[in-house]
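**Q** I have a structure here, written as structure tokens, and I will follow up with some questions on it.
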Amino acid sequence: MINRGQQLVGANGGDENQNHRSLASPPPLVLRAGRYLPTLIFLGLAVHLVLPQLASVEESLQVIKAMALWAVLLAALAQTISYMGSGYLLHSIAATVNQKLSVPRGILITLAAASVGLLAGGPLGNGAATYRWVRKQGVSAEGSGLAGTLPTLFNNTILIILGVAGMLHLLTEKELSPIQALAFLLILIGLSLGLAAVSWGKRHREVFTSAAVRKAALFYRAFHMPYTPNSTETAVSRMFAAFDLLEKGGWKRPALGATLTASFDMLTLYFFFIAAGNPVSPSILLVGYGLPLLFGRLAFLLPGGVGIVESTMAALYTGLGVPGPIAVVAILSYRMFSFWIPTFIGFPLAAYLQRK
């Protein structure tokens, strides 16, 4: 959710209202999301119908029939706690600037903004929706701007750590194919270049912002989409405001929220492996969890990484010895609880928050 200058994140009254109106607001985002929703459903159905063919449909059905209900219920509980972590993340971000946002309200905003951003604007749409709805809760412009930026920063950082740890495990065990090793190398190079660019940009903010606007304009032109520089300027401004806060030590509680989110989300997948009758070791769970979700974030043209996450998870887990039918059932069940159900819950929540 890395969402013009410093005046936006702590602006005076008149400037703030003007900037507030200039942000992308949820109503058009929700409408655009509604247009893209059938495409997302089609992609999801295709994945859920085709992926079981890696094993036989009959074998997968047998696994489903034999699943332990108690483990499925624990998976649902773990996913619920994961979203409580997301709500706490927004709550703690508001608290860093002495503002109040309840954890339950943070959960609703997280679900709604994720669904809207999924199909309308990606991280920028998510950040804009989060800003708008947090702002409507009475949180200052500074706190709302941070709420629209920091969750993606923290969540992606956790995924990067988990993904790199998984790759290192595969390297250590010599289970990494040449193609996977090349992908790992490219990811490390990309991350290094990204960190170097942001570090340089913090010292040359105007130049960095101008370059970001030019790159974004090229991207939108390539896909024949309308583009306004204000959205990129806002995103860059909030990103630097977030980094300034982190340098002052305001990272500990948000980091805890992001850690809780990722930990219990991973625990959801673990319980589904137990339910399917094939518990996996923590190292195998880690390898198959972080990398696919990281690849799904990088494949931003596919909403939610649909297809990328499932197929990469299946390839990794089966390659690590998990039987095909069990891997497929556990992965699709996990994605149903962690992605599809929250996504469809998020759309009516977005309408509710917008009406309020």
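**Q** Starting from residues that are in a loop (DSSP other than H, G, I, E, B) and in contact with a Leu (Cβ under 8 Å, 6 or more places away or on another chain), keep the ones in segment 121-175 and report whichever is farthest from Ile189 (Cα to Cα). Steps first, please.
**A** Taking segment 121-175 and keeping what is in a loop (DSSP other than H, G, I, E, B), we get 121, 137-140, 148-149, 173-175.
Restricting the remaining residues to those that are in contact with a Leu (Cβ under 8 Å, 6 or more places away or on another chain) gives 121, 137, 139, 175.
Working: Gly121: 26, Gln137: 40, Val139: 38, Glu175: 21 Å.
Taking the candidates together, the pick is Gln137.
**Q** A further question on this structure: Which helices (runs of 4 or more DSSP H) sit wholly inside segment 5-110 and have at least 1 residues that are modelled with pLDDT of 50 or more and either surrounded by 18 or more Cβ atoms within 10 Å (Cβ to Cβ) or small (Gly, Ala, Ser) (or both)?
**A** Details: elements: 13-22, 26-50, 57-65, 69-96.
Those helices (runs of 4 or more DSSP H) span 26-50, 57-65, 69-96.
**Q** Then there is this: It is to be established whether one or more residues within segment 345-356 are closer than 21 Å to Gln62 by Cβ, part of a helix (DSSP H, G or I) and under 15 Å from the mean Cα position of the chain (by Cα).
**A** Here is the first cut: in segment 345-356, the ones closer than 21 Å to Gln62 by Cβ are none.
No, that holds for no residue.
**Q** Among the candidates Ser263, Ser283, which residue alone is modelled with pLDDT under 90, of a type in the set (S, T, N, Q), assigned to a helix (DSSP H, G or I) and on the phi < 0 side of the Ramachandran plot? Before you say what the answer is, go through the steps one by one.
**A** Numbers: Ser263 fails: modelled with pLDDT under 90.
Unique residue meeting the criteria: Ser283.
**Q** Ok, one more. Which of the residues spanning segment 94-106 are touching a Gly at 6+ places or on another chain (Cβ under 7 Å) and within 15 Å of Leu150 (Cα to Cα)? Working first, answer last.
**A** So in segment 94-106, the residues touching a Gly at 6+ places or on another chain (Cβ under 7 Å) come out as 94, 96-97, 99, 103-104, 106.
Correct list: Ala94, Thr96, Val97, Gly106.
**Q** Quick one: which residue in Ala217, Ala258 is exposed (fewer than 15 other Cβ atoms within 10 Å of the Cβ), among the aliphatic types (A, V, I, L, M) and more than 24 Å from Val329 (Cβ to Cβ)?
**A** Details: Ala258 fails: exposed (fewer than 15 other Cβ atoms within 10 Å of the Cβ).
Within the list Ala217, Ala258, the selection yields Ala217.
**Q** Now, a different point. State whether the residues of segment 130-139 include one that is closer than 22 Å to Ser338 by Cβ and within 17 Å of the chain's Cα centre (by Cα).
**A** Looking through segment 130-139, at least one residue is closer than 22 Å to Ser338 by Cβ and within 17 Å of the chain's Cα centre (by Cα).
**Q** Identify, please: which residue in segment 213-260 is polar (S, T, N, Q) and assigned to a helix (DSSP H, G or I) and is, among those, nearest to Ala327 (Cα to Cα)? Spell out how you get there, then give the answer.
**A** Step one: of segment 213-260, the residues polar (S, T, N, Q) are 228, 230-232, 234, 237, 259.
Those left that are additionally assigned to a helix (DSSP H, G or I): 230-232, 234, 237, 259.
On the way: Asn230: 44, Ser231: 41, Thr232: 40, Thr234: 42, Ser237: 43, Thr259: 25 Å.
Selected residue: Thr259.
The values are calculated or read from the model by the stated rules, or taken from the named source; none is laboratory data. Source: prediction; values computed, not measured. Note that each Cβ is placed from the backbone with ideal geometry, even for glycine, and that neighbours are counted across all protein chains shown.
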